[in-house]
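The values are calculated or read from the model by the stated rules, or taken from the named source; none is laboratory data. Given the structure is predicted, the values throughout are model-derived calculations rather than measurements. Neighbour counts are summed over all protein chains in view; Cβ atoms, including those assigned to glycine, are modelled from backbone coordinates with ideal geometry. The accessibility values were calculated without ligands, DNA or RNA, using every heavy atom of the protein model including side chains. Shrake-Rupley method; radii C 1.70, N 1.55, O 1.52, S 1.80 Å.
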Amino acid sequence: MINHEMLTGRSTAHLSELCGPHRLQAEAVDAFHALQSAASQAGFTLQPASTFRDFSRQLAIWNGKFRAERPVLDSNSQPVDVSLLGDAERGELILRWSALPGASRHHWGSDLDIYDPNLLPEGSKLQLEPWEYEQGGYFYPLTQWLTENMATFGFYRPFSHDSGGVAVEPWHLSYRPLAEQCEHLLTPEVLKQAWIGQDLAGYAWITSQLERIFQQYVIIKAVVGK
């Protein structure tokens, strides 16, 4: 059973090696390898771009964006200077693309970002932006194949529609049997416990809005794409 430390990225005891630096829960590793094999037979080289991400890494991403030290994009993937914005405006923008520390699905060991390096044009850098995976983008054939086949192996896209919360992420796959367990365990109280003693940028705004943020940007992940 996954505990609160694992759930919020503060423990790695639930993880097994996938490949290289990439880690998932053992059941998700086996499922992804099966998905990879089927993709290979269809002519794709399915690879993870990102798998487990710990709390400290998510905290660094969040704080860097909130403090205008990292790029922040709007809903159209255009850069925004958040230094000109108040806490509420910058927080809402960041939540479109980045989870709160402790609330990322990448903590769970059930979720990963994928791509096909053989479809990436020479000299191009992976952006993990929707246009790469949508019609006309170089990963679109992979997107279509996954749409037709991933459920057979237990995977789905939690961010497949824009409901005013997290933006669409066609590269993000979730292994349903494990992810659903985590979705039911994560609560605002679990997040607040994970933040004790942490330097979380925007803490006052986040905690004042946590119930709404949780419903709009966290718990909705358990519904979208089902």
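Could you work out the relative contact order of the chain, using alpha carbon pairs under 8 angstrom and six or more residues apart, expressed as a whole percent?
Numbers: 330 pairs, mean separation 52.0, N = 226.
Once normalised by length, the contact order is 23 percent.
Along the positive direction of the dipole of the chain (beta-carbon charges: Lys, Arg +1; Asp, Glu -1; about the Cα centre), which of Gln47, Leu186, Trp108 reaches farthest?
Most positive-ward Cα: Leu186.
Would you give the gap between the C-alpha center of region 55-78 and the C-alpha center of region 184-211, rounded to a whole Å?
17
Measuring from the lowest to the highest alpha carbon on each principal axis, how far does region 92-176 reach, largest first, in angstroms?
Principal extents (largest minus smallest coordinate, Cα): 35, 31, 23 Å.
Largest first, what is the accessible-area ranking of Met1, Met150 with a 1.4 Å probe?
On the way: Met1 185, Met150 20 Å².
Result, largest first: Met1, Met150.
Taking the Cα centre as origin and putting +1 on Lys and Arg beta-carbons and -1 on Asp and Glu beta-carbons, what dipole magnitude results for the chain, to the nearest 20 debye? Mind showing how you got there, number by number?
Numbers: 17 positive and 26 negative charges, 66 e Å.
Rounded to the nearest 20 debye, it is 320 debye.
Which order do you get for Thr51, Thr152 if you rank them by accessible area with a 1.4 Å probe, largest at the top?
Working: Thr51 5, Thr152 110 Å².
From most exposed to least exposed: Thr152, Thr51.
Taking only C-alpha pairs under 8 Å that are 6+ residues apart, what is the relative contact order of region 1-75 in percent? Walk me through the intermediate numbers first.
Working: 51 pairs, mean separation 18.8, N = 75.
Once divided by the residue count of region 1-75, the mean separation gives 25 percent.
Give me the one-decimal nm value for the distance between modelled label points at Tyr138 and Asn118, 7 Å along each residue's Cα-to-Cβ direction.
Each label point is offset 7 Å from its Cα along the Cβ direction, giving 1.5 nm.
Under a point spin-label approximation (7 Å from Cα along Cα-to-Cβ), what is the Asp199-Arg70 distance to one decimal in nm?
About 1.5 nm, to one decimal.
With equal scatterers on the alpha carbons only and no solvent term, can you work out the Debye log10 of I(q)/I(0) for the chain at 0.11, 0.12, 0.16, 0.18 1/Å?
-0.54, -0.64, -1.16, -1.44
Using a 1.4 angstrom probe on the protein heavy atoms only, line up Lys65, Lys192 by accessible area, largest first. Could the numbers behind the result be given before it?
Working: Lys65 35, Lys192 75 Å².
Solvent-accessible surface, decreasing: Lys192, Lys65.
Let me know the whole percent of all Cα-Cα pairs from region 1-131 that are separated by more than 17 Å. Each step should come with its number before you reach the end.
On the way: 5535 of 8515 pairs.
Of the Cα pairs, 65 percent sit more than 17 Å apart.
Which whole-number value in Å³ per residue fits the convex hull of the alpha carbons of region 156-223? Write down the numbers at each step before the final one.
Details: hull volume 7.2 nm³, N = 68.
For region 156-223, the hull spanned by Cα atoms encloses 106 Å³ per residue.
Against the 2.2 N^0.38 Å scaling, with N counting residues, where does region 1-50 land? I'd like the Cα-based Rg ratio to two decimal places.
Details: Rg = 12.9 Å, N = 50, 2.2 N^0.38 = 9.7 Å.
Dividing the Cα Rg of region 1-50 by 2.2 N^0.38 Å gives 1.33.
Most mobile of His184, His22, His14 per a Gaussian network model of the chain (Cα springs, under 10 Å)?
Of His184, His22, His14, the Gaussian network model singles out His184 as fluctuating most.
Which percent of the accessible area of the chain is formed by carbon and sulfur heavy atoms (probe 1.4 angstrom)?
Values: 5050 of 10300 Å².
Percent of accessible area from carbon and sulfur atoms in the chain: 49.
Treat every Asp and Glu Cβ in region 68-198 as -1 and every Lys and Arg Cβ as +1, leave all other atoms uncharged, and give the resulting dipole magnitude about the Cα centre to the nearest 20 debye. List each step's numbers first, then the result.
On the way: 8 positive and 19 negative charges, 61 e Å.
Rounded to the nearest 20 debye, it is 300 debye.
In angstroms, what radius of gyration and Dmax does region 106-226 have, counting Cα atoms only?
16.5, 47
Give me the 1.4 Å probe accessible area per residue for region 137-199, excluding ligands and nucleic acids, in Å². Don't jump to the answer; show the numbers that get you there.
Details: 2690 Å² over 63 residues.
Here the per-residue accessible area is 43 Å².
Leaving out ligands, DNA and RNA but keeping every protein chain, what accessible area does Ser208 have, in Å² rounded to the nearest 10, with a 1.4 Å probe?
So the heavy atoms of Ser208 present about 80 Å² to solvent.
Could you tell me which of Leu119, Ala68, Val80 has its Cα farthest along the dipole of region 56-160 towards the positive end, charges placed at Cβ (Lys, Arg +1; Asp, Glu -1), taken about the Cα centre?
In region 56-160, that residue is Ala68.
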